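Bear in mind these aren't lab numbers, they're just calculated from the coordinates by the rules spelled out. Quantities reported herein were computed from a predicted structural model and do not represent experimental measurements. All Cβ positions, even for glycine, are placed from backbone atoms using ideal geometry, and neighbour counts span all protein chains on display.
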Amino acid sequence: MSDQKVKIEQSWYERLEPEFDKPYFTEIKAYLTIEKAAGKTIYPPGSLIFNAFEKTPFEQVKVVILGQDPYHRRGQAMGLSFSVPRTVRTPPSLVNIYKEIHREFGGDMPRHGDLTSWAEQGVFLLNAMLTVEEGKAGAHQKIGWQHFTDAVIRTISDHRSGVVFMLWGNFAKAKRTLIDADKHLILEAAHPSPLAGNRFNGCRHFSQANTYLNSKGRTPINWLIF
């Protein structure tokens, strides 16, 4: 691990190593270094920027849930899309996700927003942008992260089969072109944000994902959070 250019989980490093030598990635690192030197607060903390990769090694990916960028308030971002630490109030979008899971599977509504248990089962919680400036939603949408995360999506599509991709909202749906629909299941829905008029309700993505995984002989996800 010590000779790696980037501190990222080994199986992902082996697949993505060429990306770390590209000019755009050098520019991302330089930008973040300059911003931090200028006193800007960047989320998530450096040790958690690649947390999704750490929690879900490449060969263990069963489901990909794509977010846009990290939460931008103090204490929220933990490097997993839609997830917040147990001590942080569950965000509205995640509440709507929980409501859909409750409709599909029953069970109690979770009391926290930490989705680590999903990640450890093979749910790759990827944000398209891996960093954000405190208090400025979308602040890092143009610094190059999408080149990297698009490469991540293509790598999963090309080198794995039978993965479920959940694309919520127009931003995520635009990534469909990166995915081989003949090899994978692509599920699309409105974004779970209340701003989308709760059109996410009734998508049944979680039960569809488990049915698909079962059909491929893979262990389904326990979507219930405790």
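What residues qualify as long-range amide H neighbours of residue 132, i.e. H under 5 Å apart, gap of 5 or more or another chain, H built at 1.01 Å from N?
Here 43 satisfy the definition.
How many angstrom lie between the C-alpha centres of the stretch 115-192 and the stretch 1-45?
Centre-to-centre (Cα) distance: 18 Å.
Beyond a 25 Å Cα-Cα separation, which of these cross-linked pairs lie in this structure: 5/55; 22/142; 40/99; 7/40? Spell out each step's value before the answer.
Details: 5/55 19 Å; 22/142 16 Å; 40/99 36 Å; 7/40 22 Å.
Exceeds cut-off: 40/99.
Quick check on the stretch 77-116: what does the Kirkwood estimate of hydrodynamic radius come out to from the alpha carbon pairs, in Å?
Numbers: mean 1/r = 0.0963 Å⁻¹.
Kirkwood radius, the stretch 77-116: 10.4 Å.
Compactness ratio of the stretch 1-141: Cα Rg over 2.2 N^0.38 Å, N = residue count? Write out the running numbers ahead of the final one.
Numbers: Rg = 15.9 Å, N = 141, 2.2 N^0.38 = 14.4 Å.
Dividing the Cα Rg of the stretch 1-141 by 2.2 N^0.38 Å gives 1.10.
Counting DSSP beta bridges in the chain, what percent are antiparallel, to the nearest 5? Working shown, then result.
Working: 3 of 16 bridges.
About 20 percent, rounded to the nearest 5.
Viscosity 0.890 mPa s, temperature 25 °C: give me the Stokes-Einstein translational D for the stretch 26-97 in µm²/s, with Rh taken as the Kirkwood radius over C-alpha pairs.
Values: Rh = 13.8 Å.
Answer from the Stokes-Einstein relation: 178 µm²/s.
Counting only DSSP beta bridges with both residues in the stretch 9-137, tell me the antiparallel percent, nearest 5.
Working: 3 of 8 bridges.
Within the stretch 9-137, antiparallel bridges account for around 40 percent of the total.
Pick from 52, 119, 139 the residue whose mean-square fluctuation is largest in a GNM of the chain, springs joining Cα atoms under 10 Å.
Most flexible of the set in this elastic network: 139.
How much of the pair distance distribution for the stretch 62-200 lies past 22 Å, counting alpha-carbon pairs only, in percent? Walk me through the numbers on the way to the answer.
Values: 3602 of 9591 pairs.
Percentage above 22 Å: 38.
Hey, what do the phi angles of the stretch 9-26 turn into as Karplus ³J(HN,Hα) couplings, whole Hz, using 6.51/-1.76/1.60 and θ = phi - 60°, x for Gly and Pro?
So the Karplus estimates, Gly and Pro as x, are 3, 4, 5, 6, 4, 4, 7, 10, 3, x, 5, 6, 9, 7, x, 4, 6, 4 Hz.
Compute, for the chain, the length of the dipole vector about the Cα centre, with Cβ point charges of +1 (Lys, Arg) and -1 (Asp, Glu) only. Units Debye, rounded to 20. Numbers along the way, then the final one.
Working: 28 positive and 23 negative charges, 123 e Å.
Charge dipole, the chain, about its Cα centre: 580 debye, nearest 20.
Under the 0.36 nm per residue contour assumption, what length would be gained going from the current alpha-carbon distance of residue 218 and residue 176 to full extension? It would help to have the intermediate numbers written out before the result.
Values: separation 42, 0.36 × 42 = 15.12 nm, distance 2.31 nm.
My answer for the length gained is 12.8 nm.
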